[in-house]
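Here's the structure we're looking at; comments come further down.
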Amino acid sequence: MEPRSLGTQVTQFEERSRIEFTEIGWNLLSNKTTEFYASLYAETRRECVMRSEGLATNLYSEVDVERAALRLDFQRFVSRRRTQSFFRLGTMTGSLLSGIFGNWAFSDINNGHPSMLPWCLLIFSVVLTTALYHLQVLREIEP
């Protein structure tokens, strides 16, 4: 299989991930990507080579350091999104269970001997859903 070009990878990333960004965030990322292209393809990188004992050793320029910082920021962003997705999934599951337990609890009232189990499960699922929602909001606010 032939490796995909960098342009193809960026285009596929844009198709998959564009909806997860705000307009300002997407503009910042695309500006950084454009700078990366200009640096890579226009050969504006400053490369320093130092000779020690007859071997060439590359020293990294400030553009390389900036690229590495951008990559680390992007990795942190992706890991935060994964954590937020976990809390969102937990909140959705908790709200679904709250609906199921609520239906069970209110339909059990008409029986001759109503049980406390559906009410306890309903209260637990509502508290759990509320806690997961607040954790999700706090994670989004966190820098």
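Tabulated data
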read-out	value
From the options Gly94, Gly90, Gly99, residue that is without any contact (Cβ under 8 Å) to a residue 24 or more places away in the chain, within 29 Å of Glu140 (Cβ to Cβ), open to solvent by less than 80 Å² (accessible area, probe 1.4 Å) and not β-branched (Val, Ile, Thr)	Gly99
Residue, farthest from the chain's Cα centre (by Cα), within the range 103-116, restricted to residues that are modelled with pLDDT under 90 and part of a helix (DSSP H, G or I)	Ser107
The range 131-142 - residue that is touching a residue at least 12 places away in the same chain (Cβ under 8 Å) and open to solvent by less than 70 Å² (accessible area, probe 1.4 Å) and, of those, nearest to Gly99 (Cα to Cα)	Leu132
Leu6 being surrounded by 11 or more Cβ atoms within 10 Å (Cβ to Cβ) and modelled with pLDDT of 80 or more	no
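The values are calculated or read from the model by the stated rules, or taken from the named source; none is laboratory data. For clarity, every value in this text was computed on a predicted model and none was experimentally measured. Don't worry about glycine lacking a Cβ; one is built from the backbone with ideal geometry, like all the others, and counts go over all protein chains shown. Accessible surface is based on the protein model in full, side chains and every heavy atom, while ligands, DNA and RNA are left aside. Shrake-Rupley method; radii C 1.70, N 1.55, O 1.52, S 1.80 Å.
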